[in-house]
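Engineer: This is the structure I want to talk about, given as structure tokens.
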Amino acid sequence: MRALGIDLGSKRIGVAVSDSRGSVATPIEVVERRGDRRREHRELAALASEWEAEIVVVGVPYNMDGSLGPAAKKYLREAAALGETLDIEVVACDERLTTVSAERFLMQQEMKADARRRVVDKVAAAVMLQSWLDAGMPRA
């Protein structure tokens, strides 16, 4: 099953996709926020269609204790709105520390700061999606 992973952010949305077997996540794109959520959701829907995704996995930044803070609640609402735009299932996934993990990985690759900024969001989406795939693709 091909899954599209989405790492929502206030300035950018990182996007990753799994292979058709649902075993490996790959970063593919960064969608810039322009203040038009409907347009952004249409861009994400177009990517889901282009990659023939059967499910969309949206990262939610839970608090370290597992509770829902303001950011998590905001992104859960946006995931629900995205679900209304798409013809496929949208599920939430815990994305705690994915951006930190992605940033560390890119630093280990000795990428310069400006180059890291351009790709960290899609790499974070791939980290989150890979975690979801490795967990057995949970739906709840």
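The values are calculated or read from the model by the stated rules, or taken from the named source; none is laboratory data. Remember, predicted model here, so these are calculated numbers, not experimental data. Cβ: placed from backbone, ideal geometry, glycine included. Neighbour counts: every protein chain shown. These area figures cover heavy atoms from the full protein model, side chains too; ligands, DNA and RNA do not enter into them. Shrake-Rupley method; radii C 1.70, N 1.55, O 1.52, S 1.80 Å.
Engineer: Please specify each residue of region 47-90 satisfying the condition of being of a type in the set (S, T, Y) and touching a Leu at 6+ places or on another chain (Cβ under 8 Å). Spell out the reasoning first.
Structural biologist: Keep residues of region 47-90 that are of a type in the set (S, T, Y), which gives 49, 62, 67, 75, 85.
Listed by number, the residues that qualify are Y62, Y75, T85.
Engineer: Give me a count of the residues in region 26-75 that are within 19 Å of D134 (Cβ to Cβ), open to solvent by 90 Å² or more (accessible area, probe 1.4 Å) and of a type in the set (A, V, I, L, M, F, W, C).
Structural biologist: Of the residues in region 26-75, 0 are within 19 Å of D134 (Cβ to Cβ), open to solvent by 90 Å² or more (accessible area, probe 1.4 Å) and of a type in the set (A, V, I, L, M, F, W, C).
Engineer: Within the bounds of region 79-87, is there any residue that is buried (at least 17 other Cβ atoms within 10 Å of the Cβ), within 18 Å of R12 (Cβ to Cβ) and modelled with pLDDT of 90 or more?
Structural biologist: yes
Engineer: Looking only at residues in region 1-25 that are at pLDDT below 95, over 18 Å from V60 (Cβ atoms) and hydroxyl-bearing (S, T, Y), which one is most open to solvent (accessible area, probe 1.4 Å)?
Structural biologist: S20
Engineer: What's the total number of residues in region 115-134 that are surrounded by fewer than 15 Cβ atoms within 10 Å (Cβ to Cβ) and either of a type in the set (D, E) or modelled with pLDDT of 85 or more (or both)?
Structural biologist: Of the residues in that region, 1 qualify.
Engineer: I've got another one for you. Kindly check whether there is at least one residue in region 48-67 that is assigned to a helix (DSSP H, G or I) and at pLDDT below 95. Show your work before the answer.
Structural biologist: Of region 48-67, the ones assigned to a helix (DSSP H, G or I) are 48-50.
Still in the list and also at pLDDT below 95: none.
For region 48-67, residues assigned to a helix (DSSP H, G or I) and at pLDDT below 95: absent.
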